[in-house]
Amino acid sequence: MFSTSSQRKFWTFNDESELARHREKHNLEFIAKHGHHIDEYQRYNFFLSPDEERLLLKQYELHLKEFCKRFAPPMPKGVVGTAFHYFKRFYLYNSSMDYHPKEILATCVYLACKVEEFNVSIGQFVANIKGDREKASDIILNNELLLMQQLNYHLTIHNPFRPVEGFLIDIKTRCSTLANPERLRGGIDEFLEKVFLTDACLLYAPSQIALAAVLHAASKEQENLDSYVTDMLFRDAGSDKLAILIEAVRKIRSMVKMVESPARERVRIIEKKLDRCRNQENNPDSEIYKRRMRELLDEDDMPHTGSTRMSLDTSDGRYSFFTSAYHGSRGSLASPARRKCQLGFRHCKDGGKKEDDDQKLVHFLLLDTEHCRKIGSADVSDAPDGVGGFLVIPELITKMAGLRRLMKKTALCLLFAFANLIAVSEGQLTFSSGWGKRSRDDEIAIDLEDQLQ
């Protein structure tokens, strides 16, 4: 439910001035970090101002909308809404001078496809991108973990599309004065397309946005739903709550009415300025970035035979989890072709005493990270990249969301979306070891931060 969600708790703000303060803070932090050798007057001309960043991001929100609209296969509305949320959240706490919007935009859409279970592989995804698709693939995959970290792993998004359906069903059932409510859909879709070009999703609940869309569409059809709202929908609500709701709907409709495209010439000037002042360490075309990637690949080629341990703590100490990476021939950092990975799960009996006979290993080979294969006795279901398969391991079932990125010093970054996720807090994922069970005895916590050395 939205009322108890991370979206409500961490990503719904009081007003637009609070959003502006966050954006200005990170703009000034970037300038202070990268402009200490430049005098104040030159800083103003060299770096982007908060207003320039905001204008640039508005332009890239339009690009995001158009990219999703022409995407093949056709993209569900939920994916588009989720991608917008990710994009807006990312740049609330990051500067566009640090991470270029065109690179983060594609990563937001790709991650949204995964989270909303829209089945496209990375190959299918980059087929929708003009230019060097292999380079685009590397950029997206290299930024994927960064994006999730900056979102604090709050990936579940409550969009206004489901509340809209609820309102339409309720109108059909209880509001006899409106003939054929389905004719409102065109106006609703138009409104929701525009609402994602505003900050409404960071300020208001999905149900408030949905109600604003329905009332806007009714107004376009010269229908009045005021009596439905006051006498039926919120009949039992107090006058104070009703006044707050009416004001929220009014502000949302006002924000949508004020949406306009940035001046193209102004955007071109800002983009040229961005090319000069952006952080070159995060620019895939810069020599600094390329040198860093070469160094990581050189480290990757060094012999490595040890295991990397990841502890799983439970009240009775029965479980341990470990990973090992065995490196074959050199491949792209983002696409570790021909690298074998070994996952192990060990069930320990008798208060933590390890029994070697209980050790079960799951082997699989990543072929350009596109397909998983069944190797040995482990059951890994075939699935395109981005969807993952189910690793069936004795006493532990996990849904594999990704296994692709090599971190520095040859550590393998394992990214899982667990089947029974219970909590995410301070670098720990807690999940249930039993399929469909939520017993405290079966809960396992994985520390994400300090176990990959």
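Of the residues screened, residue 111 is not one that is at pLDDT 95 or above and in contact with a His (Cβ under 8 Å, 6 or more places away or on another chain). List, please: which pairs have Cβ atoms under 9 Å, are six or more places apart or on different chains, and start with a residue in the range 37-54 that is more than 17 Å from residue 95 (Cα to Cα) and end with one that is part of a loop (DSSP other than H, G, I, E, B)? If the second residue must be part of a loop (DSSP other than H, G, I, E, B), the pairs left are 38/47; 42/35.
Within the range 48-67, the set of residues being hydrophobic (A, V, I, L, M, F, W, C) and farther than 14 Å from residue 100 by Cβ comprises 55, 62, 67. Answer yes if at least one residue in the range 289-296 is surrounded by 14 or more Cβ atoms within 10 Å (Cβ to Cβ), modelled with pLDDT of 90 or more, in a helix (DSSP H, G or I) and within 26 Å of the chain's Cα centre (by Cα), and no otherwise. No; the residues of the range 289-296 include none that is surrounded by 14 or more Cβ atoms within 10 Å (Cβ to Cβ), modelled with pLDDT of 90 or more, in a helix (DSSP H, G or I) and within 26 Å of the chain's Cα centre (by Cα).
Suppose the filter is surrounded by fewer than 20 Cβ atoms within 10 Å (Cβ to Cβ), under 15 Å from the mean Cα position of the chain (by Cα) and farther than 22 Å from residue 31 by Cβ; does residue 123 pass it? Spelling it out, it is not the case that residue 123 is surrounded by fewer than 20 Cβ atoms within 10 Å (Cβ to Cβ), under 15 Å from the mean Cα position of the chain (by Cα) and farther than 22 Å from residue 31 by Cβ. The single condition among (1) out of contact with any helix residue (DSSP H, G or I) (no Cβ under 9 Å at 6 or more places or on another chain); (2) exposed (fewer than 15 other Cβ atoms within 10 Å of the Cβ) that residue 6 does not satisfy is (2).
The values are calculated or read from the model by the stated rules, or taken from the named source; none is laboratory data. Just so you know, these numbers come straight off a predicted model, no measurement behind them. Backbone-built Cβ (ideal geometry, glycine too); neighbour counts: all protein chains shown.
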